[in-house]
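Structure incoming, see below.
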Amino acid sequence: MPRSLAKVTDHLILILGCVVMVGPVALLVVDLLSAPNLWPQFQTLFGADGVLGYDVSLWRMLGNSVLLALGVATLACTLSLLAGFALVFFPLPGRDWIFGLMLLAMFFPIETRILPSFAVVHQLGLLNSHAGMVLPIVASGFGVLVFRQFLRQVPKELIEAARLDGAHPIRCLRDIILPISAPMIAALFAIFFVLGWNQYVWPLMLSTTRQDMVTVVSGVVRAGPDAVQGQALALLAMLPPGLVILLSQRWLMRGLTSGIH
């Protein structure tokens, strides 16, 4: 294939991908702007009273979503980094089997683990709490895989030299691993933030008695596609994760490509 034709084909594929991804959002905006009584609906949505049948304000829903996304992103990055560090630099017996079991968890979507997770959260007394909403979804085989592949590129002699100088593992992690892993941490933080923000089934199941635990995405699911408030809420729900991805594009490319070897 001539080089110019290949370039044109690449651009056509990119344009088609942009249309597929941006098209539904554009249709949502057009449909929302053409709705009657749009401004009163927005005033009701951002008012202090409950919205969409919930006895909770939009600001509380936004706060729940931000707390869930930040909690998942922070804890998932921390656990994945610690697990990857242990799998690479500690002579653990059967660590390949342990890593294989972590990878196996990647093939099971969160929905298949909802009932067992609900039973565990119920036994721990964490129903209707933010801790119960965050903790069951912070373990990530993908995060462990990415950090393990990235840390395998770090010369083990560097860690061994630090250990000979009297540095304990926590200091090695803090002074050596964390600085060189900053791009990877930022990239995975953005990915896990979006993952946490987009949760809708788990928050709905967890909130058995408290409506003030509802997130923005859960509100969109309840509202449906026809309600004006539901459309406005759907558009609002896209903004924070989209902004996070746009702001972290450089870190995403730099971090994820550095771990693919």
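Phe189 passes all but one of (1) of a type outside the set (S, T, N, Q); (2) at pLDDT below 85; (3) in a helix (DSSP H, G or I); which number fails?
Phe189 satisfies all of (1) of a type outside the set (S, T, N, Q); (2) at pLDDT below 85; (3) in a helix (DSSP H, G or I) except (2).
What tally of residues in the range 212-250 results from selecting those that are in contact with a Pro (Cβ under 9 Å, 6 or more places away or on another chain), part of a helix (DSSP H, G or I) and modelled with pLDDT of 75 or more?
Counting residues in the range 212-250 that are in contact with a Pro (Cβ under 9 Å, 6 or more places away or on another chain), part of a helix (DSSP H, G or I) and modelled with pLDDT of 75 or more gives 7.
Mind listing just one residue for me: the one in the range 101-111 that is exposed (fewer than 10 other Cβ atoms within 10 Å of the Cβ) and without any contact (Cβ under 8 Å) to a residue 60 or more places away in the chain and, of those, nearest to the chain's Cα centre (by Cα)?
Pro109
State the number of residues belonging to the range 140-158 that are surrounded by fewer than 18 Cβ atoms within 10 Å (Cβ to Cβ) and either modelled with pLDDT of 85 or more or of a type in the set (Asp, Glu) (or both).
Residues flagged as surrounded by fewer than 18 Cβ atoms within 10 Å (Cβ to Cβ) and either modelled with pLDDT of 85 or more or of a type in the set (Asp, Glu) (or both) within the range 140-158 amount to 5.
Further, regarding this structure: Does the range 122-131 contain any residue that is buried (at least 19 other Cβ atoms within 10 Å of the Cβ) and assigned to a helix (DSSP H, G or I)?
No, the range 122-131 contains no residue that is buried (at least 19 other Cβ atoms within 10 Å of the Cβ) and assigned to a helix (DSSP H, G or I).
Any residue that is without any contact (Cβ under 8 Å) to a residue 24 or more places away in the chain and either in the same structural domain as Arg174 (by TED's automatic domain parsing) or in contact with a strand residue (DSSP E or B) (Cβ under 7 Å, 6 or more places away or on another chain) (or both) - is there at least one of those in the range 135-152?
The answer is no; no qualifying residue exists.
So Ala161 fits all but one of (1) among the small types (Gly, Ala, Ser); (2) without any contact (Cβ under 8 Å) to a residue 12 or more places away in the chain; (3) surrounded by 23 or more Cβ atoms within 10 Å (Cβ to Cβ); what number is the exception?
Only one criterion is unmet by Ala161, namely (3).
Just to confirm my filter: which helices (runs of 4 or more DSSP H) fall fully inside the range 1-104 and include at least 1 residues that are in contact with a Ser or Thr (Cβ under 7 Å, 6 or more places away or on another chain), at pLDDT 80 or above and within 27 Å of Arg174 (Cα to Cα)?
Fully inside the range 1-104 and qualifying: 58-89.
The values are calculated or read from the model by the stated rules, or taken from the named source; none is laboratory data. Since the model is a prediction, treat every value here as computed from it, not as a measurement. FYI the Cβ positions are ideal-geometry reconstructions off the backbone, even for glycines, and counts take in every protein chain you see.
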